[in-house]
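All remarks here apply to the structure that follows.
The values are calculated or read from the model by the stated rules, or taken from the named source; none is laboratory data. These numbers were taken from a predicted model, which means no experiment stands behind them. Using ideal geometry, Cβ is built from the backbone for each residue, glycine included, and neighbour counts are taken over all protein chains shown. For accessibility, only protein heavy atoms count, side chains too; no ligands or nucleic acids. Shrake-Rupley method; radii C 1.70, N 1.55, O 1.52, S 1.80 Å.
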Amino acid sequence: VQNSDVGYFENCRCVVFYEQPPPACAVRSQKRSNCEPMIARGKNASDLFPAVVKNVACKNIEVKKLVYVYLVRYAEEQQDLALLSISTFQRGLKDPNQLIRASALRVLSSIRVTIIVPIMMLAIKEAASDMSPYVRKTAAHAIPKLYSLDPEQKDCLIEVIEKLLADKTTLVAGSVVMAFEEVCPERIDLIHKNYRKLCNLLIDVEEWGQVVIINMLTRYARTQFLNPNMNEDKEEKEKKKTEATAIVKRKPYVMDPDHRLLLRNTKPLLQSRNAAVVMAVAQLYFHLAPKAEVGVIAKALVRLMRSHSEVQYVVLQNVATMSIKRRGMFEPYLKSFYIRSTDPTQIKVLKLEVLTNLANETNISTILREFQTYIKSNDKDFVAATIQAIGRCATNIGEVRDTCLNGLVQLLSNRDELVVAESVVVIKKLLQMQPEQHSDIIKHMAKLTDNIQVPMARASILWLIGEYCEHVPKIAPDVLRKMAKTFTNEEDIVKLQIINLAAKLYLTNSKQTKLLTQYVLNLAKYDQNYDIRDRARFIRQLIVPTDKSGALSKYAKKLFLALKPAPVLESPFKDRDHFQLGSLSHLLNAKAGGYQVLPDWPEAAPDPSVRNVEVKESVRAVETVTKKSKPRIGSSESESEEDDDSESESSESEEEESEEESEEETKKKKKVGNERLENTRTTDIHTHTHSERRNTHILNCDSQPNTIASVQVFDTICKPAWLYMQFLLNPPLPVSVPQTIIPSGNLKTYELLHRITGEGLSVEYCFSRQPFSPDPHMVAVKIQFTNSATSEAKSLHVEDAKLQSGMRIKEFPEIEVLPAGETISVVMGIDFCDSTQAANFQLCTHTRKFFVSIQPPVGELMMPIFMTENEFKKEQGQLMGMNEITEKLTLEEKCQGEHAVVQRVTTAANLSRVPCGSDKECRFAGKTVTSGSLVLVSVVTKEDGAAQLTVNCEKMVIGTMLVKDIHQALTQ
Amino acid sequence: MQLPAKMIHSLFLVNSSGDIFLEKHWKSVVSRSVCDYFFEAQERASEPENVPPVIPTPHHYLISVLRHRIYFVAVIQSEVPPLFVIEFLHRVVDTFQDYFGVCTEAAIKDNVVVVYELLEEMLDNGFPLATESNILKELIKPPTILRTVVNTITGSTNVGEQLPTGQLSVVPWRRTGVKYTNNEAYFDVVEEIDAIIDKSGSTITAEIQGVIDACVKLTGMPDLTLSFMNPRLLDDVSFHPCVRFKRWEAERILSFIPPDGNFRLLSYHVSCQNLVAIPVYVKHNITFREGSSQGRFELTLGPKQTMGKGLEAVLISSQLPRGVLNTNLNPSQGTYNFDPVTKLLSWDVGKINPQKLPSLKGSMSLQAGASKPDENPTINIQFKIQQSALSGLKVNRLDMYGEKYKPFKGIKYMTKAGKFQVRT
């Protein structure tokens, strides 16, 4: 409108609204006076306040909005008048439209007038229990605003935060955690109950909220879980200690499932388009993940380097810190850090830092070749940084020290003085490491004093000559002679080094240099700089023997010519990781205001049960719990897979649910039970009360891999209800819930390593029939080590697996120590590719290696699934012909009766029972672990112990073998 | 008592001549004198890009980004992840660009009302609120010429009359009630090749970065799936939030409800471990002789491994050493330009004809008495190859679910040079 003139902006401080004469065509304009924003020239617009405030009731949305902006800006100065508008907002808070309620709250909470604090508090409290999640989100946003206006309200606000933290919608989660971080970051206890929910919601939260939540959870995890790298870290520490220290008995580290949950649920966010989210996940992994898993973040960080140069700058700072501690992680991406001539200098220097950190024996030659091209650059600051980098590589990697030194010496003849000076400084540091071999270099440098003018370089050369004057006995006095000549014109640091040189020569070669030294000291005595005068006086007293000289002069030689330790060239990024990575404080290497210190890992983990969520015994509760927050199941790692596409479906249903809760519940109950839900992703569990429908299936689960998990959940949560209904349907049904029902004692154990061949170490294994959490396509094998020898066994681990193609092994984490006489169990996963081929591998201790193999019985290659009778029939109908194998058999005497049959079949194969109307028939269902092919078994009993066994399976080999196994189980 | 408030406090826009031309405060007002620290840093920096993105001052921290020769300086008071602020500022610039077509000082000044309205919606109390372009467009309509005219006559405004529902929706990136008469979905696969070629012509490093930009104008709530012939090529990917991650993990299929309009669906990376075909070669002979005031300059370009597609829009630029006073070169095609002040040589080659390779030959005159420059200049090359993605990535098919109509679909491929440098 009126912004064509740049002058308008000169002193502007504010947006101003002023009443504009209504445009000719606007008919209704008298009533709703039309406001237009303008930028005033340095004029404070607050005198227009009354005129503007009355427009707050205006119906035009844009006018309203602009009035809001104005109000918020000037309310603090014109408190009385601002109060006039409050009633409008209060009315807005009651509006039936959620958007209006939200925006009224937003503005009300932005008005910085202390008198209205109680009104704001009330409004926030009310909004926090609003039906609409959007209004609740706005309430969360309002909390920090009120807190900064009146910190006294903290306790009340914490109550609201606590309430909102329990909210189950993704919309609210990010905002409330933000409020938590601003108001009460120290109240970590509020997070416990919401921890799992937050982890599970994370992927659906908007990107800015994700950053805040991840940063908060990083801190939380540092207080609640154990250090996954503790054994390694301890070892390092122990190595430093003397051997005599008694070896502490260490428990093998087991990761808390909640810790694992966090790592697993944040990992996909490395694929976010938002650099801040990627960085947040990266720092989370860096601070929380086991060493072996941190590597995944490297690729994502390298990707960010393609982004805008500001992003690059921040990422490189963090990579520089990470690459010191975890060098291996970035080594494959070395070339991504190569420098282009078009990079801004600050980026070049950071890349150089990373390259230097990554240098090791294998890649140093390529890195040095790169550095050679950098040295020729026109950007002299960058060249200087490169020379420093070469120096650091040379100190860190002994093999290339001579090469680097030669390269740097060549640079001494460079035309650019800055380059030469920088080289001199670096060479000086390198020579200190092994001066004997390099007297020719020192000679060469002595000659440079004639030409080189940069004070730092001159000082370095003089120091070198003084320090190693014995290696260059002829040249040193000559250099001093020249320096004495130019002494008065030198810079201060050079003068100090001249005095040093004189003193050292006087002590070693007083014959030749006595007079020269006296001369230099005399000159220094009258220098303008008091440091130099002081030094001269001190040295004279020390080295020139007089009657008055004290006891110290005896030790002059020792003082000056002591062996000096070589300097350590360190990265400026060393130890920066005590700041949380990705934070402002880390970037500045100084604590910024409001920075929350990343706590150290606790010695012992606090009680993990605080994170357990109470579950109400209602169907609805089950539903939400299975979907959103997983309860923990016993001590096993709960692996209930999150419903995949929760982006849309789950949050949608959530929101609906919260609004029309009771209504929906009844609707669901009325739904016809036989319908299989089309929505295969969500693991809805439909229960139908006995009165409504007798004899129908109870569970309606899909055949997704997550079935097992959800059933487990179901099993633990509402076992009473489940058992009750089982009872109604099929009174004495012993095997109905798989895996968990079979007590682990019944599991058949096999020997992997005998006590004698294992030299005291015996190893047994069994198929635990639990889902293997890191990979659902693997069979979980529980391995039990017993150390019956007299000494402890160390570092038990798997090595050198020789597998058939396609087979995979997920090794168990290395067992550090197994003390004599003790037993330990671990779980490893093997993907047998649905075959009974053995998995061969080596089991290693710190001294020996044993070849072992695990061969699974066919029955262990499957896992149970739930099916209804109808489904079973339908699936069976589709697996006819070649896929069906039938065998007649006679049941063993003890095995007659349904109970015994069920038990024998489920012991032979990991299958679950399918409900069946007839008591003559037992049905079982499962699927193979790797490919998920269905396995259906039915046993029809006839009179006199005759029976017919039918197996339907897509994989004929599996089917045939299974028939054999079950046949054997039933007849023997 | 004033507690340190988190997140973004204020925003200043500074133009290339160092004037603050717009300021916006989300909390109490911060005096613009805080920018003096920024100006100091700006003076110290030799190049505009060398201003540090984060500058600490006694009471505040300044985080800035430079885009379109405008510095966007955010003022913060306490700990906040710097990338959070940087990413947000870039999002602001993207939004301006989306609204006004360009993001220049003039465009921002012309649309100052919209700019204020946008900034007000994007941050609430310093915390990002609505940053999705689809939501913002519902709240504040982008200015068009027609609308400006209508607004002046009728006195109406560009704030949406209807209340926005996007923020409430389960797909926050898509506005509701979208209607088109022509339903179309176009995808551009654009790959950029970054490379450093050394003196002898061997590749030091080369990698391909690609993006799939989409322009989707479809009625209703379409659910799209896009599959590739060779998804294994993609070494590392990052998605628009609309893409269902688990589906990608399991099946390598992109499944998503698209935002309305233009958006970046996917960025990917093809790593340097795979061999990257370099589509162009350069023969160069640049020599300076000690003591002589003349230098030789010879450059010949040729296509290499372009899969039969032509190289277009080839542009060579090179920063010659300071000692070069002027050049006397002769291009076989296109035009060349040498700026004696900045020493920047640029040669607009255009299309490369494989039968007649373009060359640039001639002499350089050097400063008399100056010593021979240490370094030969680096040559930066830009080019385009139409209808081909260098990595060989191919889209297999695009399917639409959830809506009944048949959309027009189209996919275009293009390869460009990214940071392509030849060291001589």
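For A:Val117 and A:Ala604, what does the FRET efficiency come to when R0 = 35 Å and r is the distance between their Cβ atoms, rounded to the nearest 0.05?
0.20
Output the relative contact order of the stretch A:878-972, whole-number percent, from Cα pairs under 8 angstrom with separation of 6+ residues. Display every interim value, and only then the final one.
Working: 165 pairs, mean separation 35.3, N = 95.
About 37 percent, as a whole number.
Work out the length of the dipole vector of the stretch A:355-507 about its Cα centre, built from +1 on the beta-carbon of each Lys and Arg and -1 on the beta-carbon of each Asp and Glu, and round it to the nearest 20 debye.
Details: 17 positive and 18 negative charges, 73 e Å.
For this selection, approximately 360 debye.
Answer rounded, prolate or oblate for the stretch A:460-501, using the Cα gyration tensor with square roots of eigenvalues a ≥ b ≥ c: rounded when a/c is under 1.5, else prolate when a/b is larger than b/c, else oblate. Please list the in-between numbers first.
On the way: a/c = 3.07, a/b = 1.56, b/c = 1.97.
The shape class here is oblate.
How about the stretch B:244-351: which GluC sites (Glu not before Pro) there lie in a loop by DSSP and see at most 15 other Cβ atoms within 10 Å? Please report the intermediate quantities before stating the final value.
Values: sites: B:Glu249, B:Glu251, B:Glu290, B:Glu298, B:Glu312; in loops: B:Glu290.
Sparse-neighbourhood loop GluC sites (Glu not before Pro): B:Glu290.
Between B:Thr300 and B:Glu49, what is the FRET efficiency for a Förster distance of 41 Å, r being their Cβ-Cβ separation, to the nearest 0.05?
0.80
Quick one: accessible area per residue over the stretch A:511-575, 1.4 Å probe, rounded to a whole number of Å²?
Counting only protein heavy atoms, the per-residue value for the stretch A:511-575 is 75 Å².
Using the basic label-point model (7 angstrom from Cα toward the beta carbon), what is the A:Asp478 to A:Thr546 distance in nanometres?
For A:Asp478 paired with A:Thr546, the spin-label model returns 3.4 nm.
Would you kindly state how much longer the chain becomes between A:Ser553 and A:Asn489 on full extension, computed as 0.36 nm times their sequence separation minus their alpha carbon distance, in nm to one decimal?
Stretched fully, the A:Ser553-A:Asn489 segment lengthens by 20.0 nm.
Of B:Tyr281, A:Tyr333, which has the most accessible area with a 1.4 Å probe, and how do the rest follow in descending order?
I get B:Tyr281, A:Tyr333, largest accessible area first.
Check B:Leu366: other-chain or 5+ apart residues with amide H under 5 Å from its amide H, H built from backbone geometry?
HN-HN under 5 Å from B:Leu366: B:Gln294, B:Gly295, B:Leu325.
Principal axes first, then extents: for the Cα atoms of the stretch A:248-344, list largest minus smallest coordinate on each axis, whole Å, largest first.
Reported extents, whole Å, longest axis first: 55, 29, 18.
Just tell me how shielded A:755-761 is by partners: mean number of partner chain Cβ atoms within 10 Å of each residue's Cβ, no decimals.
The per-residue average across the peptide is 0.
Comparing B:Thr181, B:Thr203, B:Thr95, which has the greatest mean-square fluctuation in the GNM of chain B with Cα pairs linked when under 10 Å apart?
Result: B:Thr181 has the largest fluctuation of those listed.
Return the sequence-ordered ³J(HN,Hα) values of the stretch A:177-193 in whole Hz as given by the Karplus equation 6.51 cos²θ - 1.76 cosθ + 1.60 applied to θ = phi - 60°, using x for Gly and Pro.
The phi angles translate into 5, 4, 4, 4, 5, 7, 8, 9, x, 7, 7, 4, 5, 6, 7, 2, 5 Hz.
From the gyration tensor of the Cα coordinates in the stretch A:430-576, what semi-axes in whole Å does the equivalent ellipsoid have, largest first, with each one equal to sqrt(5λ)?
Gyration-tensor ellipsoid for the stretch A:430-576: 25, 18, 17 Å.
State whether the stretch A:735-878 is rounded, prolate or oblate according to the following rule on the C-alpha gyration tensor (a ≥ b ≥ c being the square roots of its eigenvalues): a/c under 1.5 gives rounded; otherwise a/b larger than b/c gives prolate, and the remaining case gives oblate. All intermediate terms of the calculation are to be shown ahead of the outcome.
Numbers: a/c = 2.77, a/b = 1.93, b/c = 1.44.
Here the stretch A:735-878 falls in the prolate category.
Of the trypsin sites (Lys or Arg not before Pro) in the stretch A:336-426, which ones lie in a loop per DSSP and count no more than 13 other C-beta atoms within 10 Å?
Sparse-neighbourhood loop trypsin sites (Lys or Arg not before Pro): A:Arg415.
Take every Cα pair under 8 Å in the stretch A:450-573 that's 6+ residues apart, average their separations, divide by the length, and report that relative contact order as a whole percent.
Value for the stretch A:450-573: 21 percent.
Of the candidates B:Tyr37, B:Tyr413, B:Tyr268, which one comes out as most mobile in a Gaussian network treatment of chain B with C-alpha springs shorter than 10 Å?
The residue that fluctuates most here is B:Tyr37.
Given C-alpha coordinates of chain B, what is the ratio Rg to Rh with the Kirkwood estimate of Rh?
Over the Cα atoms of chain B, Rg/Rh equals 1.02.
Residue by residue through the stretch A:390-398, which ³J(HN,Hα) values in whole Hz follow from phi under the Karplus form 6.51 cos²θ - 1.76 cosθ + 1.60 (θ = phi - 60°), with glycine and proline marked x?
Computed from phi, the couplings for the stretch A:390-398 are 4, x, 5, 4, 5, 6, 6, 10, x Hz.
Taking all protein chains as present, what is the carbon and sulfur share of the accessible area of chain B, in % to the nearest whole number, probe 1.4 Å?
Numbers: 9020 of 17860 Å².
Result for chain B: 51 percent of the exposed heavy-atom area is carbon or sulfur.
Based solely on C-alpha atoms, express the radius of gyration and the Dmax of the stretch A:113-215 in angstrom.
12.8, 41
Among B:Arg244, B:Arg289, what's the order by accessible area (1.4 angstrom probe), most exposed first? Walk me through the numbers on the way to the answer.
Values: B:Arg244 20, B:Arg289 160 Å².
Sorted by accessible area, descending: B:Arg289, B:Arg244.
Could you give the nm distance between label points at B:Gln387 and B:Gln97, where each point is 7 Å from its Cα heading toward the beta carbon?
Label at B:Gln387, label at B:Gln97, 2.9 nm between them.
With equal scatterers on the alpha carbons only and no solvent term, can you work out the Debye log10 of I(q)/I(0) for the stretch A:312-425 at 0.20 1/Å?
-1.08
May I ask you to compute the full-extension gain from B:Lys406 to B:Met307, defined as 0.36 nm times their residue separation minus their alpha-carbon distance, rounded to one decimal in nm?
32.3 nm
So what's the Cα pair-distance distribution over the stretch A:271-320, bin width 5 Å, in %?
Result, from short to long distances: 5, 22, 35, 24, 10, 3, 0 percent.
Averaged across A:590-596, how many Cβ atoms of other chains sit within 10 Å of each residue's Cβ atom?
5
Could you give the length gained by full extension between A:Thr847 and A:Asp150, i.e. 0.36 nm per residue of separation minus their alpha carbon distance, to one decimal place?
244.2 nm
Of A:Arg136, B:Arg296, B:Arg322, which has the most accessible area with a 1.4 Å probe, and how do the rest follow in descending order?
B:Arg322, B:Arg296, A:Arg136
Any idea of the total accessible area buried by the B-A contact, 1.4 Å probe, rounded to 100 Å²?
Chains B and A together bury roughly 9400 Å² of accessible area.
Counting other Cβ atoms within 10 Å, which GluC sites (Glu not before Pro) in the stretch A:459-523 have at most 16 and lie in a DSSP loop?
A:Glu470, A:Glu491
Using 23 Å as the Cα-Cα cut-off, could you pick out the over-long pairs in A:Lys810/A:Lys955; A:Lys447/A:Lys474; A:Lys495/A:Lys557; B:Lys24/B:Lys137; B:Lys246/B:Lys412; B:Lys109/B:Lys343?
Pairs exceeding the cut-off: A:Lys810/A:Lys955; B:Lys246/B:Lys412; B:Lys109/B:Lys343.
Set the Förster distance to 56 Å, then compute FRET efficiency between B:Arg69 and A:Ala166 from the Cβ-Cβ distance, nearest 0.05.
0.70
Points 7 angstrom from Cα along the Cβ direction at A:Val597 and A:Leu84: gap in nanometres?
Result for the modelled spin labels: 5.2 nm.
Distance between Cα centroids, the stretch A:326-367 to the stretch A:777-806: provide it in whole Å.
Using only Cα atoms to place each centre, the spacing works out to 39 Å.
Kindly report the accessible area of the stretch B:1-98 per residue (heavy atoms of protein chains, probe 1.4 Å, no ligands, DNA or RNA), in Å². Before the final figure, lay out each step's value.
Numbers: 3500 Å² over 98 residues.
Per-residue accessible area for the stretch B:1-98 comes out at 36 Å².
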